[in-house]
Amino acid sequence: MQKRLVDIVVISDVHLGTYGCNAKELLHYLQSINPKHLIINGDFIDGWQFSKRYFPTTHLLILKEVVKLMAFGCKIDYITGNHDEFLRSFTDFDLSNFSIVNNLVIEIDNKKCWFFHGDIFDNTTKGSMKIIAKLGGYGYDLLILFNKLVNTTLRFFGKEKMSLSKKVKNGIKKAVSYVNDFEQTAATLAIEQKYDYVICGHIHQPQQKEIVTEKGKTIYLNSGDWIENLTSLEYNNNQWKIFYYNESNVTIESKKSPALKISV
């Protein structure tokens, strides 16, 4: 397979060590690209649900592939999230072209870009609410596992696959409101700090849009996840695109988000 050259790739919310992780698809994707810079934007390894009883070979192969990319010169920044918060004690760790950070600010083609996971906006990941969030994580994992069984049956009968968790979230007004509030809060902070782009993960919702307030504007991007959406962000030729993994190939499919041209 000939690898695609990509300037920057952003992935988040892989949740290695859980049943919901689509490790095989992510491995296929990573093996198909040759990025200059890989940004892992949190929740790569799921420390909340980690178990010695479940860490399949495909999950290990993803770690191996990341190390391989690093060995061949790819710069890798690992931004910590809430599920891999155990790594926050290693913040500012640097080893050759690999680093662990809580957030990242870089300039890309004269545009200031702010990367962070996004759990700082989520009160359910803090204090006593964290226990409830962890229990919810187990329930979500079971729902994803059940969803895989449903989709296997649907494919057998020649039907399109479906996402039960998406249907649940899209049907709950509070969940939709939370996503909107998350995006608006991240954008507002970015505008105040004069960032041209703000790039998050955490909410498992791939997105690419301009957000305008009375104080200015910014481009909000979210890399989605490898549980439901199987998405990443890619930067090439002065533009960001959302990559949607396809079962039959690994080509770019901008299903909902058109490319945004950066004028320099």
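The values are calculated or read from the model by the stated rules, or taken from the named source; none is laboratory data. It should be emphasised that the depicted structure is a prediction, and the values quoted were computed from it without experimental measurement. Methodologically, a virtual Cβ is constructed for each residue, glycine included, from the backbone with ideal geometry; neighbour enumeration extends over all protein chains shown.
A single entry from Lys169, Lys209 fulfils the requirement of being charged (D, E, K, R), at pLDDT 70 or above, within 20 Å of the chain's Cα centre (by Cα) and not in a loop (DSSP other than H, G, I, E, B): Lys209. For the stretch 48-66, the condition holds for no residue, the condition being that it is at positive phi and out of contact with any strand residue (DSSP E or B) (no Cβ under 8 Å at 6 or more places or on another chain).
Under the condition of being touching a His at 6+ places or on another chain (Cβ under 9 Å) and on the phi < 0 side of the Ramachandran plot, the residues counted in the stretch 198-218 number 2. Scan the stretch 73-89 for residues that are at pLDDT below 95 and exposed (fewer than 13 other Cβ atoms within 10 Å of the Cβ) and jot them down. Selection gives Phe86, Ser89.
Checked against the criterion of being farther than 26 Å from Glu85 by Cβ, at pLDDT 95 or above and of a type in the set (D, E, K, R), the stretch 244-264 has no qualifying residue.
Results for (1) closer than 29 Å to Arg88 by Cα; (2) modelled with pLDDT of 90 or more; (3) polar (S, T, N, Q), shown as yes or no for each residue.
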site	(1), (2), (3)
Leu154	no, no, no
Asn180	yes, no, yes
Leu189	yes, yes, no
Ile199	yes, yes, no
His204	yes, yes, no
Gly216	no, yes, no
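The set of residues in the stretch 30-45 being touching a strand residue (DSSP E or B) at 6+ places or on another chain (Cβ under 7 Å) and buried (at least 22 other Cβ atoms within 10 Å of the Cβ) consists of Pro35, Leu38, Ile39, Ile40, Asn41, Gly42, Phe44, Ile45.
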